[in-house]
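> What follows is a single structure, and I will ask about it in a moment.
What follows is calculated from the coordinates using simple rules that are stated; it is not laboratory data. All of these numbers come straight from a predicted model, not from anything done at the bench. We place every Cβ from the backbone using ideal geometry, glycine too, and count neighbours over all the protein chains shown.
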Amino acid sequence: MWLTATLVAALCPFAVLSSQTAQRDSLAIGSRTVPAGTTERGPLVVAGGDLTIAGTVNGSAIAIAGDVVVLPGGEVTGDAIAAFGEVRNQGQVGGASRALTGTFGASLRALLAGSEAKPATPRSPLELALGWFTVMMLIGLGVLVFASPYLDGVVDVLGQSFWRSFLTGLAGHLGILPVILLVVVALAVTVIGILLVPFAIVALVLVVAGLLALGFVAAARVTGDGLGGRRARGLSEKGGALRGVIVGTALYMGLWVAAAALGDTPVLGVAVRVLALLATFVAATAGFGAAILSRGGTRRDAAISAPEPAAEVGWQTPTPVTGVAAARRRPAAGSGAAH
């Protein structure tokens with residue numbers, strides 16, 4: 001998958017930097033195995049794969065979007081933590097064994113591993129598209145009702161600087177996983193920090209999800225406002241915002257519904273699916289960037305450059321000319337000058 005390759009490429013410099021600056025930290029992208037008869041100093045951290053231990057790890061063993069597997073004869077002197085995975089202990093774990101699982105964890109693991117997650121109950125693409133259509137519409141209405149001031153802040157920044165928001169959103173996408181790994185490695189150094197790793201990951205995921213949702217709703221509202229006609233101009237401020245969110249969300253999610261309905265059509269179905277993917281990616285990325293720039297909608301002037309103060313000119317002649325004396329301004333009438 002192209003997104004997996006992009007994330008791995010973005011994480012390679014971070015992995016090299018971590019190995020050079022922290023002697024006790026070991027970070028690997030993908031699966032890793034500690035062979036039998038060998039000893040590794042922890043904490044050992046892997047992302048997007050399983051950490052299989054047949055030897056000894058002096059410290060903690062941590063897997064993000066993967067499993068910690070302690071084989072018979074293997075030993076972990078510290079804790080065994082699997083964020084969005086499982087801990088399968090057939091050997092010895094000196095500390096605690098903690099696992100954070102869930103639907104998001106399965107999706108993240110499938111994304112990083114490049115495999116398809118099998119759904120529990122298979123559904124048709126059209127049913128999934130209609131379900132997401134409903135969910136996103138409810139999210140948009142919820143944001144509009146409960147977080148309208150923050151939505152206005154993101155909308156202002158997105159409308160003022162679209163391309164800056166889009167580039168910021170791209171950087172934000174590439175920086176999500178490195179930030180999570182950095183936090184995990186930083187917390188894994190101390191015993192108390194290890195206990196906070198699952199909670200820190202959940203908090204970061206919730207923050208990113210909130211910014212993405214807020215940004216997508218803002219992008220939908222900007223799109224809906226741009227499609228407004230004379231009737232939209234006559235609406236109140238709240239009415240116009242409601243119309244913009246509904247029209248924009250219906251446009252983006254409607255593309256996915258159309259793509260699902262045309263799934264059996266070879267050429268047209270693929271074209272609509274590509275169009276839906278590009279439109280949603282651009283909207284979500286630009287909205288995510290605007291949410292970052294506006295700090296969650298709290299800074300509505302994040303994209304406005306401060307105007308330069310106008311310099312007061314005290315002379316009538318702006319540039320002195322040789323042989324010509326610059327004359328001062330005459331006092332205004334009624335200023336109290338003596339006659």
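> Give, as ranges by residue number, the residues of region 174-190 whose backbone N falls under 13 Å from the point 7 Å along Cα→Cβ of residue 204.
Taking a point 7 Å out along Cα→Cβ of residue 204, the residues of region 174-190 whose backbone N falls under 13 Å are 174-189.
> Which of the peptides 151-160, 266-275, 240-249 is most tightly packed, and how do the rest follow, going by the mean number of other Cβ atoms within 10 Å of each residue?
Result, highest mean Cβ count within 10 Å first: 151-160, 240-249, 266-275.
> Out of residues 5 or more away from residue 53 or on other chains, whose amide H comes under 5 Å of its own, with H placed 1.01 Å from N in the peptide plane?
For residue 53, whose amide H was placed from the backbone, the distant partners under 5 Å are 34, 69, 70, 71.
> I'd like the FRET efficiency for residue 236 and residue 134, computed as 1/(1 + (r/R0)^6) with the beta carbon distance as r and R0 of 35 Å, rounded to 0.05.
It comes to 0.85.
> Quick check for you: which residues of region 160-196 have the amide N under 20 Å from the point 7 Å beyond the Cα of residue 96 toward its beta carbon?
Residues 183-196 qualify, since their backbone N sits under 20 Å from the label point.
> Note the full-extension length gain between residue 192 and residue 268 as 0.36 nm times their separation in residues minus their Cα-Cα distance, in nm to one decimal.
21.8 nm
> A follow-up question, please. Once amide H atoms are placed 1.01 Å from N in the peptide plane, what residues at a sequence separation of 5 or more from residue 28, or on another chain, have their amide H within under 5 Å of its amide H?
Answer set, sorted by chain and number: 45, 46, 47.
> Oh, and also: Let me know the Rg and Dmax you get for region 125-293 when you use only its Cα atoms, in Å.
My reading of the Cα-based Rg and Dmax gives 18.3, 63 Å.
> Within 10 Å, count the other beta carbons around each residue, average over each peptide in 134-145, 278-289, and list them highest first.
Peptide ranking by packing, descending: 278-289, 134-145.
> Taking R0 as 22 Å, what FRET efficiency do you get between residue 141 and residue 298 from their Cβ-Cβ distance, rounded to the nearest 0.05?
That pair, residue 141 with residue 298, gives E of 0.50.
> Report the calculated FRET efficiency for residue 28 and residue 261 (r = Cβ-Cβ distance, R0 = 45 Å), to the nearest 0.05.
The computed FRET efficiency comes out at 0.55.
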